[in-house]
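Everything below concerns the one structure shown next.
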Amino acid sequence: MKKLTIKASLFLIACFLLPLKGGGGSVRAQEQVRIWQGGNDTRLTTSSMEFTGDGSVLTVGDKTFDTSLVDSIAVVHTVTVTYAGETATVDLGHASGVTATVDGAHVTLTSTNVKDELEFVLQGTSAQGSLTYDGPLKCKFYLSGLNLTSDRGAAIDIECGKRVDLILCDGTDNYLTDAAGGEQKAALYCKGHLEVEGSGTLTVKGNTKHAIATKEYMQLKKSTGSITVTGAVSDAMHVGQYFLMSGGTLTLSGQGGDGLQVETKTLDDDVTPDPDKENNGMLFIRGGSLNITAASDDTKGIKAPVDMFVTGGTFNITASGAGSRGIQVTGNLTVNEDDNITLMQIRATGGIYEDPVTEEESRCMGIRIKGNFTITAGTVRVANTGSGARGIKIDGTYSKSGTAVVSASVIAP
């Protein structure tokens, strides 16, 4: 029964792919197939698929597969958007249910497709362009040498509330800048769950509010290259549910607000945390490098509204604004080591900030923890050289054990 089901599916796919023509030059719209075996998939770009007479062997290009071992096959539909100065072109390929509206170099893509996997390739350069997308299913966006500055709003606005994979294509440099004075939340905005991978680079500047923002969680996978924010009116990165970093290099500077801020998803009263939201308000660092400067007054390099867990990674954070904090955690901060070394280096060089309304003063601090601080492995170094600056202040309990190293002035009850 399994073999008959696969043969029938493959026959339909083969008929669909047969008319496709290949092409040279830059990336073109083309269909790909993903063949799943034992939980792993092989991805192939092809225009031909062939069975042996008894249907036991499938040949796709120069690859052969025993059909009795194939679990499933999916056709990947690719849409390519190419920017060229004041114009943009869209190649929809054979992606059904996708429509495109192009106004100069401003592109709006809308999908009603509820069954097919969609992928989008964005490439080229425009100083007055943008990309807006809305659709009902999870999808993937490949940035392949994209340099996009918007003169109307966000550079990329993904209004899909599902999981969105953002792939920084290997060997490419990508740049995003939004327009000043708009109503957009960020230069790069995702309404859903944003997962980043790929060894390319991404540089973002937010001229209206945040540089990068998500309504749900955000993940940086182990394969992630580098993400750099060169400036933002508000936060450099603003994440709506939780943040997980497993790799890559994250560099945040020039923001008027916090460097990396995580929010808590709330119920309808806008106060009570939603208990059904996974890891709500939490921040996880498992690897990679974070280079953050909090130069504006009363801002934080990293701000976690609940708990923060560190099990790897290198931190280089400078809090230079008056009353700024390198890291501020409302809940508990736990530091350990897993597969990666943990090295946290934080400098508090700012002075004292006086709130213009309440006239209350707040000191610059390396780390401010309102809950408990537990460190069992890794190294935490905090230098407080600013006038009136503090190293680490903890409202809850402080516990150091194992191979942990803490070099800082610690104020704890």
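Within segment 394-408, the only residue that satisfies the criterion of being within 16 Å of M365 (Cβ to Cβ), modelled with pLDDT under 95 and either loosely packed, with under 14 Cβ neighbours inside 10 Å or in contact with a Pro (Cβ under 8 Å, 6 or more places away or on another chain) (or both) is S407. Number of residues in segment 243-277 that are closer than 25 Å to L168 by Cβ and among the acidic types (D, E) equals 2. Filtered by the rule that a residue be crowded, with 22+ Cβ neighbours inside 10 Å and either in contact (Cβ under 8 Å) with a residue 40 or more places away in the chain or more than 18 Å from Q241 (Cα to Cα) (or both), segment 291-311 gives I292, T293, A294, T299, K300, G301, I302, K303, A304, V310. Give G371, G391 a once-over and let me know the one that is buried (at least 17 other Cβ atoms within 10 Å of the Cβ) and in contact with a strand residue (DSSP E or B) (Cβ under 6 Å, 6 or more places away or on another chain). Sole residue among the options that is buried (at least 17 other Cβ atoms within 10 Å of the Cβ) and in contact with a strand residue (DSSP E or B) (Cβ under 6 Å, 6 or more places away or on another chain): G391.
Only one entry in A213, A127, A180 is more than 14 Å from the chain's Cα centre (by Cα), closer than 23 Å to G257 by Cβ and modelled with pLDDT of 95 or more, namely A180.
The rows are residues; the columns are (1) of a type in the set (D, E, K, R); (2) under 14 Å from D307 (Cβ atoms); (3) in contact with a Lys or Arg (Cβ under 7 Å, 6 or more places away or on another chain).
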position	(1), (2), (3)
Q241	no, yes, yes
G247	no, no, yes
L250	no, no, no
G254	no, no, no
G257	no, no, no
L267	no, no, no
E278	yes, yes, no
G281	no, yes, no
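Cβ separations smaller than 7 Å between residues 6+ apart or across chains give the following pairs from segment 379-401 residues that are at positive phi to residues that are surrounded by 16 or more Cβ atoms within 10 Å (Cβ to Cβ) and not in a loop (DSSP other than H, G, I, E, B): G388/R363. Tallying residues that are in contact with a Ser or Thr (Cβ under 6 Å, 6 or more places away or on another chain), in contact (Cβ under 8 Å) with a residue 40 or more places away in the chain and under 13 Å from I292 (Cα atoms) within segment 314-347 yields 3. Of T99, T110, T149, all but one fail to be within 22 Å of D178 (Cα to Cα), surrounded by fewer than 19 Cβ atoms within 10 Å (Cβ to Cβ) and at pLDDT 95 or above; the exception is T110. Say we look at segment 113-124 and pick out the residues that are of a type outside the set (V, I, T) and farther than 18 Å from L176 by Cβ; which of these is surrounded by the fewest Cβ atoms within 10 Å (Cβ to Cβ)? Among them, the one singled out is K115. Screening N384, N336, N316 for residues that are crowded, with 18+ Cβ neighbours inside 10 Å and either more than 32 Å from the chain's Cα centre (by Cα) or closer than 27 Å to M245 by Cα (or both) leaves exactly one candidate, N384.
The values are calculated or read from the model by the stated rules, or taken from the named source; none is laboratory data. As the structure is a computational prediction, the values presented were derived from the model and not from experiment. Glycine gets a Cβ as well: all are built from the backbone with ideal geometry, and neighbour counts include every protein chain shown.
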